[in-house]
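Q: My questions will all concern the structure given below.
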Amino acid sequence: DPPVQKYEYQAEVSRLMDLIVNSLYSNKEVFFRELISNASDALDKLRFLSVTDPELLKDAVDLDIRVQTDKDNGTITITDTGIGMTRQELVDCLGTIAQSGTAKFLKAVKDSKGAGADNNLIGQFGVGFYSAFLVSDRVVVSTKSPKSDKQYVWEGKANASSYTIREETDPEKLIPRGTCLTLYMKRDDKGFAHPERIQKLVKNYSQFVSFPIYTWQEKGFTKEVEVDEDPAETKKDGEDGKDEKKKKTKTMVERYWDWELTNETQPIWLRNPKEVTTEEYNEFYKKTFNEYLDPLASSHFTTEGEVEFRSILYVPAIAPTGRDDIINPKTKNIRLYVKRVFISDDFDGELFPRYLSFVKGVVDSNDLPLNVSREILQESRIVRIMRKRLVRKAFDMILGISMSENREDYEKFWENFGKNLKLGCIEDRENHKRIAPLLRFFSSQSDEEMISLDEYVENMKPEQKDIYYIATDSLTSARNTPFLERLSEKDFEVLFLIDPIDEVAIQNLKSYKEKNFVDISKEDLDLGDKNEKEKEMKQEFGQTCEWIKKHLGDKVSSVQISNRLSTSPCVLVSGKFGWSANMERLMKAQAV
Ligand code: ADP
Ligand code: MG
């Protein structure tokens, strides 16, 4: 026999295994979802590669998943005809932590110190392949990659710090391609190894897998059997009783075992939106993107005409943690399919501008070639049109949240993704019209609840021409600024821009509904009421101004009479064309 080689797990895996094996997590059946989704991923990979290399399919033409249970021995076997793994891949994939979901889980465990937290987190983040050990004492993975002519067996036990790999030698166990995974269930979990139980799990968890899942089921068909009149002499097989006594026909059930197609294989995005429930959309989202919270909104649509595609888009409930994510377009948030074949989720702004990269979803096009490459995507006219439509739909979806009766929904959205929209003001002139109504700010008349620009405009006084704002570092300094005095007296509302990005965003917008944004801290603030009194004041205090300017010298560029104050004697304002005080502060902070 070829040698059995022993390997130690990477330290993180050992820690993860400990957590899983000792967990009191009650929703153990998540193991099934994880393993089926791995099988489905492996099939996706193979299908994608076979587009350019049809030879890959020759060993096994059918792309499917088969689940067999043995209730007497307490085992479950999951077989796929996917991409399989080489010996090295077994070490890399099942001996180290590569996947982000599992890493997220470990980080969350580290961050949360409460007792029992681990148990809830397992369900929230998913622990991938290792979830098999929630229910199994021993897991055997026998796998054959088209890249290798040998089949290898990985074997791991719960509570062990090492695993083994050997070559498969049992001819009965050789498979043409793919992976066959056998779970030896823990004593208390043998109940999973029942055909009906597995059938239920497939229906619950895997309705969105786009490959057929077969389960090994006991079936029966009825047949008419001739039996003797005397029930004591009834025989199972009617043909046996050949003697010519009195006969009677009876209906019998013949039992046998066979594969049964157990899931619905039509992808959810191909279904009629009218027939898909919110729960189904949410389930699909959570499964596809490894999320544990329902999305804030979803949008399912088909576009026709020049370019045809179907899509489901989602707005997540929370922003990813980590600051970089705001502008990281490589989020794997959009999964592109061509004619139902998964192509890629590795985009860098091709389908969504970076400020909208938080939007998640699937896009399925019939117009792109199956072997579409990165270069094709970047230059394709079709992709450009798709992008335009997707962006428009994303804005419609966000607008939908903003119009929801539940004001909290949009507050949540704004808290998580408001910055992204402000970035959009700076980076996407073309969509200003769509972005502006979605912006929210505090104001001098609403410093607890944020208002929209529409609400601002509605609240404008008849004689008011412009939209006023002040940019500062906090609500408190905005409230207390002397610049507000005259405006408050006239009951003009002033937007409080307290996020560093606000001022640049507003300056990029320039106007809203034909009303200019005006910084109240700049010189020449025109409140529309220049009057005789100002002329008089200028005459009376002109010399005083000159005197002050002489004493301050280069520290100020001019000293002027103004009507913008009512109680304070003087105020420092910024030049018309210079930076505002806030901007100067920000620039200084950045220069450090
Ligand atoms: P993830 O699926 O998120 O990558 P998992 O822990 O579920 O993480 O799986 C780890 C890796 O093991 C997968 O990325 C894949 O490379 C490999 N793998 C797991 N199951 C299979 C399978 N049935 N066929 C081929 N490769 C698999
Ligand atoms: Mg997985």
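Values in this text are rule-based calculations from the coordinates and carry no lab data. Quick caveat, the model's predicted, so the values are computed rather than measured. Cβ coordinates were reconstructed from backbone atoms using ideal geometry, including for glycine residues, and neighbour counts include every protein chain displayed.
Q: Under the rule of at least 5 residues apart or a separate chain, name every residue whose amide H is placed under 5 Å from the amide H of VAL518.
A: Distant-sequence amide H within range of VAL518: ILE467, TYR468, TYR469.
Q: Could you derive backbone 3J(HN,Hα) for the range 133-138 from the dihedral phi with the Karplus parameters 6.51, -1.76 and 1.60 (θ = phi - 60°), listing whole Hz in sequence and x where the residue is Gly or Pro?
A: These are the phi-based 3J(HN,Hα) values: 7, 5, 10, 10, 7, 8 Hz.
Q: Residues with amide H under 5 Å of GLY82's amide H, sequence separation 5 or more or different chain, H placed in the peptide plane at 1.01 Å from N; which?
A: Here THR179 satisfy the definition.
Q: Residue by residue through the range 449-463, which ³J(HN,Hα) values in whole Hz follow from phi under the Karplus form 6.51 cos²θ - 1.76 cosθ + 1.60 (θ = phi - 60°), with glycine and proline marked x?
A: Running phi through 6.51 cos²θ - 1.76 cosθ + 1.60 with θ = phi - 60° gives 10, 6, 10, 8, 5, 4, 5, 4, 4, 4, 8, 6, 6, x, 8 Hz.
Q: Here's something else I'd like to know. Which distance in nm do the two modelled labels at GLU427 and MET537 give, with both placed 7 Å along the Cα-to-Cβ direction?
A: Each label point is offset 7 Å from its Cα along the Cβ direction, giving 4.5 nm.
Q: Still on this structure, please answer the following. How big is the dipole moment of the chain about its Cα centre under a simple scheme where the beta carbon of each Lys and Arg is +1, that of each Asp and Glu is -1, and everything else is neutral? Debye, nearest 20, please.
A: Values: 88 positive and 103 negative charges, 191 e Å.
Computed about the Cα centre, the dipole is about 920 debye.
Q: Next up: For the chain, what does -39500 (n - 2.57) per DSSP helix run (n ≥ 4), summed and divided by total residues, give at 222 nm, in deg cm²/dmol to the nearest 500?
A: -10000 deg cm²/dmol
Q: Separate question: So if R0 is 41 Å, what FRET efficiency would GLU379 and ASP1 give, r being the distance between their Cβ atoms, rounded to the nearest 0.05? Working shown, then result.
A: Details: r = 55 Å, r/R0 = 1.33.
Calculated transfer efficiency: 0.15.
Q: Could you tell me which of the pairs LYS287/LYS422; LYS360/LYS522; LYS393/LYS522; LYS28/LYS150; LYS190/LYS250; LYS419/LYS538 are separated by over 32 angstrom between their Cα atoms in the structure shown? Can you show the working numbers first?
A: Values: LYS287/LYS422 30 Å; LYS360/LYS522 41 Å; LYS393/LYS522 39 Å; LYS28/LYS150 34 Å; LYS190/LYS250 37 Å; LYS419/LYS538 44 Å.
Over 32 Å Cα-Cα: LYS360/LYS522; LYS393/LYS522; LYS28/LYS150; LYS190/LYS250; LYS419/LYS538.
Q: Mind checking which aspartates and glutamates have their C-alpha under 13 Å from LYS107, skipping anything on the same chain fewer than 8 residues away?
A: Counting by Cα, and skipping residues close in sequence, LYS107 has these aspartates and glutamates nearby: GLU12, ASP118.
Q: Rounded to whole Å, give me the distance from the Cα center of the range 397-424 to that of the range 143-215.
A: 44
Q: DSSP loop (so not H, G, I, E, B), at most 15 other Cβ within 10 Å: list which chymotrypsin sites (Phe, Trp or Tyr not before Pro) in the range 503-592 pass both filters.
A: Within the range 503-592, the qualifying chymotrypsin sites (Phe, Trp or Tyr not before Pro) (loop, at most 15 other Cβ atoms within 10 Å) are PHE577, TRP579.
Q: Taking the range 59-113 on its own, what percent of its Cα-Cα pair distances exceed 16 Å?
A: Numbers: 1013 of 1485 pairs.
Within the range 59-113, distances greater than 16 Å cover 68 percent of Cα pairs.
Q: Could you work out how much longer the chain between CYS545 and LYS110 gets when fully extended? Use 0.36 nm per residue separation minus the Cα distance between them, nm to one decimal. Mind dumping the intermediate values first?
A: Working: separation 435, 0.36 × 435 = 156.60 nm, distance 6.32 nm.
Separation in residues times 0.36 nm, less the Cα-Cα distance, equals 150.3 nm.
Q: Going by average Cβ density within 10 Å per residue, which order do the peptides 348-354, 271-277, 28-34 take, highest to lowest? Provide the component values of the computation, followed by the final result.
A: Working: 348-354: 18.6, 271-277: 10.6, 28-34: 20.1.
Answer by packing, highest mean first, reads 28-34, 348-354, 271-277.
Q: Mind jotting down the three principal axis lengths of the range 466-592 based on Cα atoms? Whole angstrom, largest first.
A: 41, 37, 26
Q: Right, next: Which length gain, in nm to one decimal place, applies between TRP257 and GLU455 when the Cα-Cα distance is subtracted from 0.36 nm times their residue separation?
A: This chain segment gains 64.5 nm when fully extended.
Q: Once both axes come from the Cα atoms, what is the angle between helix 30-52 and the longest principal axis of the chain, in degrees from 0 to 90, rounded to 10?
A: On a 0 to 90 degree scale, this one is about 90.
Q: Give the dimensionless ratio obtained when the Cα radius of gyration of the chain is divided by 2.2 N^0.38 Å.
A: Numbers: Rg = 33.9 Å, N = 592, 2.2 N^0.38 = 24.9 Å.
Taking N as the residue count of the chain, the ratio is 1.36.
Q: Then there's this: Find out how many positive minus negative residues lie around GLY95, taking Lys and Arg as positive, Asp and Glu as negative, among other residues whose Cβ is under 13 Å from that of GLY95. Walk me through the numbers on the way to the answer.
A: Numbers: positive: LYS6, ARG87; negative: GLU8, GLU12, GLU89, ASP92, GLU155.
So the surrounding residues net to -3.
Q: Separate question: Quick one: Cα centre-to-centre distance for the range 1-30 and the range 505-525, in angstrom?
A: Here the two parts' Cα centres lie 60 Å apart.
Q: What number do you get for the range 17-98 when its Cα radius of gyration is normalised by 2.2 N^0.38 Å, N = residues? Present the calculation step by step, with values, prior to reporting the outcome.
A: On the way: Rg = 15.6 Å, N = 82, 2.2 N^0.38 = 11.7 Å.
Computed over Cα atoms of the range 17-98, the ratio equals 1.33.
Q: While we're here: Rounded to whole Hz and in sequence order, give me ³J(HN,Hα) for the range 170-185 from the Karplus expression 6.51 cos²θ - 1.76 cosθ + 1.60, θ = phi - 60°, writing x for Gly and Pro.
A: Calculated HN-Hα couplings, in order: 5, x, 5, 9, 6, 10, x, 5, x, 9, 10, 10, 10, 9, 9, 5 Hz.
Q: Please compute the modelled spin-label separation between LEU49 and ASP524, points set 7 Å along Cα→Cβ, answer in nm with one decimal.
A: 6.7
Q: With a cap of 14 neighbouring Cβ atoms within 10 Å, and only residues DSSP puts in a loop, list the trypsin sites (Lys or Arg not before Pro) found in the range 510-592. Show your work: numbers first, answer last.
A: Working: sites: LYS510, LYS513, LYS515, LYS522, LYS530, LYS533, LYS535, LYS538, LYS549, LYS550, LYS555, ARG564, LYS576, ARG585, LYS588; in loops: LYS510, LYS513, LYS530, ARG564, LYS576.
In loop regions of the range 510-592 (DSSP not H, G, I, E or B), the sparsely surrounded trypsin sites (Lys or Arg not before Pro) are LYS510, LYS513, LYS530, LYS576.
Q: Still on this structure, I have one more. On average over all directions, what projected area in square nanometres does the range 342-426 have, based on the convex hull of its Cα atoms?
A: Working: hull surface 25.5 nm².
It is 6.4 nm².
Q: Relative to the longest principal axis of the C-alpha atoms of the chain, give the angle of the C-alpha long axis of helix 195-205, reported between 0 and 90° and rounded to the nearest 10°.
A: Roughly 20 degrees between the two axes.
Q: Hey, another quick one. Give the aspartates and glutamates reachable from LYS246 as a straight Cα distance under 20 Å; neighbours fewer than 8 places away on the same chain don't count.
A: Partners found: GLU224, GLU226, ASP228, GLU229, ASP230, GLU233, ASP237.
Q: How about the range 503-592: which GluC sites (Glu not before Pro) there are in a DSSP loop, with at most 11 other Cβ atoms within 10 Å of their Cβ?
A: Numbers: sites: GLU503, GLU514, GLU523, GLU532, GLU534, GLU536, GLU540, GLU546, GLU584; in loops: GLU514, GLU523.
Those satisfying the criteria are GLU514.
Q: To the nearest 0.05, how large is the calculated FRET efficiency for GLU196 and ASP447 if R₀ is 56 Å and r is the Cβ-Cβ distance? Walk me through the intermediate numbers first.
A: On the way: r = 60 Å, r/R0 = 1.08.
My answer for the efficiency is 0.40.
Q: Between 0 and 90 degrees, rounded to the nearest ten: what's the tilt of helix 581-591 against the longest Cα principal axis of the chain?
A: Long axis of 581-591 versus the principal axis of the chain: about 50 degrees.
Q: Work out the charge dipole of the chain with +1 on the Cβ of Lys and Arg and -1 on the Cβ of Asp and Glu about the Cα centre, then indicate which of GLY95, THR302, TYR152 is farthest towards its positive end.
A: Going by the charge dipole, the pick is GLY95.
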